[in-house]
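Below is one structure; the comments refer to it alone.
Readers should treat all values here as calculations from the given coordinates under stated rules, not as data from a laboratory. In this text the structure is predicted, and so the values were computed from the model without any measurement. Here the Cβ positions follow ideal geometry from the backbone for every residue, glycine too, while neighbour counts run over all protein chains shown.
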């Protein structure tokens with residue numbers, strides 16, 4: 001998985017997931033950001049509208065990703081979030 005312009009990361013290094021994945025790191029290293037990205041992607045794939053990324057979901061509200069402005073990296077050169 002690759003993230004671009006999501007929250008604190010302009011270019012998140014690629015991560016390869018296998019059977020079991022552990023997220024380990026220092027405080028403020030991006031573990032929660034990665035989990036929030038997965039929540040947003042899950043919300044998108046479970047949505048009926050594949051053309052719009054929706055932030056109006058109680059799970060995303062609890063994770064404090066309620067608007068595009070809260071999700072986009074503030075220093076991003078482009079005005080988009082990219083997930084692959």
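Observations on the model:
- Modelled this way, with points 7 Å down the Cα-to-C-beta line, the labels at residue 20 and residue 41 are 2.1 nm from one another.
- Working from Cα pairs under 8 Å separated by at least six residues, relative contact order for the chain is 43 percent.
- Convex hull volume per residue, computed on the Cα atoms of the chain, equals 110 Å³.
- Counting neighbouring Cβ atoms within 10 Å and putting the fewest first, the residues 31, 74 line up as 74, 31.
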